[in-house]
1. Taking each residue in A:263-274, count the Cβ atoms of any other chain within 10 Å of its Cβ, then average. What number comes out?
2. Hey, what's the Cα Rg ratio for the protein assembly as shown versus the globular rule of thumb, 2.2 N^0.38 Å?
3. By how many degrees, between 0 and 90 and to the nearest 10, does the Cα long axis of helix A:420-439 differ from the longest principal axis of chain A?
4. Over all residues in B:305-314, what is the mean tally of Cβ atoms on other chains that come within 10 Å of each residue's Cβ?
5. If the elastic network links every pair of Cα atoms under 10 Å, which of A:407, A:265, A:124 fluctuates the most in the Gaussian network model of chain A?
6. Just from the alpha-carbon atoms, what are the Rg and Dmax of region B:242-355 in angstroms?
7. Give me the inter-chain shielding for A:218-230: mean count of other chain Cβ atoms within 10 Å, whole number please.
8. Quick one: which residues, 5 or more positions from residue A:55 or on another chain, have an amide H under 5 Å from its amide H? H modelled 1.01 Å from N in the peptide plane, none for Pro or chain starts.
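Since every read-out is calculated from the coordinates, none of them should be taken as a lab result. This is a predicted model, so every value here is computed, not measured. Neighbour counts run over all protein chains shown; Cβ positions are idealised from the backbone, glycine included.
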Protein chains: 2
Amino acid sequence: MLASNLHCRMLPSAAALALTLLGPHALLAQEATEQLRVDGGRLYRGLLELGEIGREAGGGAMRMSFTPADMAARALVSRWLQAADLQISVDAAGNLIGRKLGANADLPPIVLGSHIDSVPQGGRFDGPLGSLAAIEVAQTLADRGLQLEHPLEVIIFSNEENGKTGSKALAGEVSAADLEREVVAGLSIAAGIELVGGEPEAIASLKREAGSIAAFLELHIEQGALLEAAGVPIGVVQGIVGIKRWRIEFTGFANHAGTTPMSQRQDALVAAAQFITAVHRIAKSMPGRQVATVGKIEAQPGAANVIPGRTELSLEIRDLEMAKIEAVYASVKAAGLLIAEESGTEFSAEEYYKSEAAPTDQEIQALISKAADDLGLRQQAMPSGAGHDAQSIAQFAPIGMIFVPSRAGISHSPEEYSSREQVTAGANVLLQTVLALDRR
Amino acid sequence: MLASNLHCRMLPSAAALALTLLGPHALLAQEATEQLRVDGGRLYRGLLELGEIGREAGGGAMRMSFTPADMAARALVSRWLQAADLQISVDAAGNLIGRKLGANADLPPIVLGSHIDSVPQGGRFDGPLGSLAAIEVAQTLADRGLQLEHPLEVIIFSNEENGKTGSKALAGEVSAADLEREVVAGLSIAAGIELVGGEPEAIASLKREAGSIAAFLELHIEQGALLEAAGVPIGVVQGIVGIKRWRIEFTGFANHAGTTPMSQRQDALVAAAQFITAVHRIAKSMPGRQVATVGKIEAQPGAANVIPGRTELSLEIRDLEMAKIEAVYASVKAAGLLIAEESGTEFSAEEYYKSEAAPTDQEIQALISKAADDLGLRQQAMPSGAGHDAQSIAQFAPIGMIFVPSRAGISHSPEEYSSREQVTAGANVLLQTVLALDRR
């Protein structure tokens with residue numbers, strides 16, 4: 001391989017000098033970057049070590065943002081960022097950032113990242129994989145004394161699991177009300193941000209302009225079972241689905257369960273049950289990958305011997321296209337109105353949450369796909385059904401996401417699992433995609 | 001009408017003497033008892049006065065047993081019992097009892113009664129009607145100086161709304177665990193019974209033998225809308241329905257609502273919804289008056305973005321025949337098992353409550369029917385879908401129940417309403433049935 005194929009330059013650092021002095025390692029800097037591989041063992045050990053922080057009875061970890069466990073995880077990851085020759089800082093939103101200069105000072109940075117906070121009883125991979133793989137990419141480059149043309153940024157986003165505060169801040173999407181919201185740690189998000197060294201009052205200044213980032217990449221576990229079922233190690237994410245949520249209510253008439261004949265009931269729970277069945281049937285029967293879910297339900301008054309007079313439920317619909325979400329909702333709503341008419345109840349629906357679909361960049365998809373090909377890894381294109389930090393970054397920059405399989409599709413659980421080989425394959429695709437982007 | 005038709009004797013009391021001295025009233029004792037009528041105005045005023053005790057914001061009354069409001073109601077009703085020439089006592093279960101000797105000391109008593117405790121936001125009639133109408137019957141007799149052949153007992157049963165403690169005690173159905181249960185008043189039922197002058201440790205001694213009561217009669221509002229819909233003033237109750245309740249559980253698999261395709265879900269709430277729909281359809285389509293209700297539901301984990309992995313619901317089935325309850329349950333259970341199989345979930349059912357159906361005595365039904373006829377009141381035979389104190393009494397004595405219409409079938413609500421005319425008609429049927437029983 002000719003030196004002209006190398007799009008990295010020697011880093012004039014003590015680490016590089018040490019490598020030069022260490023004999024065989026000095027040759028590494030001259031390898032073709034296509035041959036570069038991450039240290040999968042180091043990465044996996046890091047995931048296991050981080051997974052111990054916040055460990056609960058039950059086997060999962062609880063590192064909700066700004067809790068002592070989250071703070072301890074940030075301290076550990078800070079050391080790893082520094083070890084990877086990144087200069088660390090905390091921005092106004094409490095994002096933990098590691099930066100390395102590029103050889104070309106005029107280029108915008110290539111940014112990698114994810115989060116390290118976790119839900120209660122969370123697993124070891126959702127967030128930590130993308131975070132530690134980003135650091136592993138930087139560490140792999142540093143180990144070889146390589147410098148990219150572009151600046152490299154690794155961002156550990158703050159408070160992903162409870163509002164995606166850190167990534168939303170870069171898109172200017174955090175409101176004053178968001179900052180005042182109290183989180184599990186027992187304080188407001190603003191107070192939490194201050195606790196980790198951010199400046200909540202300056203959060204608006206973080207908003208980045210279009211073109212300010214060359215590309216953003218996030219490696220993540222699939223949190224679904226498509227890759228596992230297909231026996232495919234790499235998912236090339238086509239986009240992050242849009243989400244809409246509604247509060248649905250059926251109002252009937254609460255009455256005595258013993259004295260009200262079946263034919264005279266206005267049972268709000270029976271109506272809701274027919275609606276839930278319809279939601280499932282409609283979402284399942286329409287062509288496409290849309291999903292619709294009723295996850296919450298409350299029947300009132302809620303006694304075994306009283307016919308429910310009121311039922312509240314949640315409705316969530318996701319798809320890569322917002323128009324498809326609207327089409328599913330139109331069918332579901334028509335079913336709800338019909339059920340209400342036939343059961344003597346009233347149907348109402350109030351939208352309370354909307355998250356726009358975020359398509360990934362086509363060119364980056366192609367680079368990820370080629371990187372997987374070059375590594376001999378089978379791959380498939382797929383949507384991300386879950387939301388991710390990349391979603392807000394897509395508002396001002398081209399994004400790409402790489403998925404690796406999750407065992408049985410399980411996440412947000414101590415049973416969340418991806419193997420060392422799967423994790424390593426994903427991190428190598430991330431590394432090679434970074435190098436390809438840098439070469440563009 | 002000849003004196004030989006009179007089955008009452010002059011009571012040699014001061015009240016009777018006073019009546020004799022009062023001129024026209026003295027003649028009343030010689031009227032045929034068939035002409036006797038209660039004082040509907042007095043009865044209705046009593047209901048309104050009692051309904052003020054425990055009045056809450058919202059318009060209803062809260063007199064859960066052993067609360068200060070329940071105690072105040074007991075004190076007021078004690079005065080009315082005494083005014084009706086009844087000798088009052090409190091038994092070991094805290095039942096408030098008024099007794100009058102019969103002319104024939106060998107006969108067992110005719111017993112009338114109901115309860116005066118009420119649920120939160122309770123109405124003026126559920127319980128108080130049967131209680132005050134019983135007192136009104138005694139008062140009507142006392143006003144005329146009449147004495148029955150049988151002893152007369154009026155029982156105000158303790159703690160009906162939260163366990164039917166008082167009436168169950170007479171059937172020996174109160175367990176030690178029942179007594180230890182804490183009630184809304186903030187103490188155990190045992191402590192509540194002590195508070196009202198009972199002896200919880202002696203409760204077992206209350207169990208009455210078969211034959212110890214000539215008959216038990218309870219007047220009650222229908223708590224349903226059949227009489228109102230039919231425009232019929234009197235319901236002749238065929239029996240109190242049996243009740244069985246089960247805890248139903250569907251267990252599926254909790255999973256991410258965004259990443260789990262519709263076809264791969266094991267959604268415990270969708271399964272539960274299909275089950276609720278099946279319960280309603282089965283109970284509605286079988287011939288008969290059975291009712292089946294799902295009143296409670298809980299989906300876990302209960303988040304808008306998580307497919308429910310577990311759903312718990314209540315199932316209640318009621319009918320006059322226990323065998324019919326079992327037949328409905330068999331169909332419902334078969335449906336549940338099929339739904340579980342088709343949805344990849346597990347179905348389980350645990351019976352947690354059973355109340356035996358209590359048929360009313362055929363001869364007493366006929367006497368009630370004749371009394372209504374003689375009063376020129378239309379009537380219809382019907383089951384009682386709700387439980388009543390009479391239910392436990394049926395374990396050892398012939399019982400009869402008389403229903404009057406409830407406006408819109410509403411009970412356990414401030415909107416509970418029966419008119420003065422409806423209440424008066426019911427009390428007159430009660431009075432005439434007592435007199436007919438006494439003549440047997």
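1. Details: counts 1, 5, 5, 0, 5, 0, 9, 9, 3, 3, 14, 5.
The mean count of partner-chain Cβ atoms within 10 Å per residue comes to 5.
2. Values: Rg = 37.9 Å, N = 880, 2.2 N^0.38 = 28.9 Å.
After normalising by residue count via 2.2 N^0.38 Å, the value is 1.31.
3. Once rounded, the angle reads 70 degrees.
4. Details: counts 12, 5, 4, 6, 0, 0, 1, 0, 5, 6.
Going residue by residue through B:305-314 and averaging, the value is 4.
5. Its mean-square fluctuation being the largest, the pick is A:265.
6. Just the Cα atoms of region B:242-355 yield Rg and Dmax of 14.8, 49 Å.
7. Values: counts 0, 0, 0, 1, 2, 5, 7, 6, 4, 0, 0, 2, 0.
The mean count of partner-chain Cβ atoms within 10 Å per residue comes to 2.
8. Placed amide hydrogens put A:62 under 5 Å from residue A:55.
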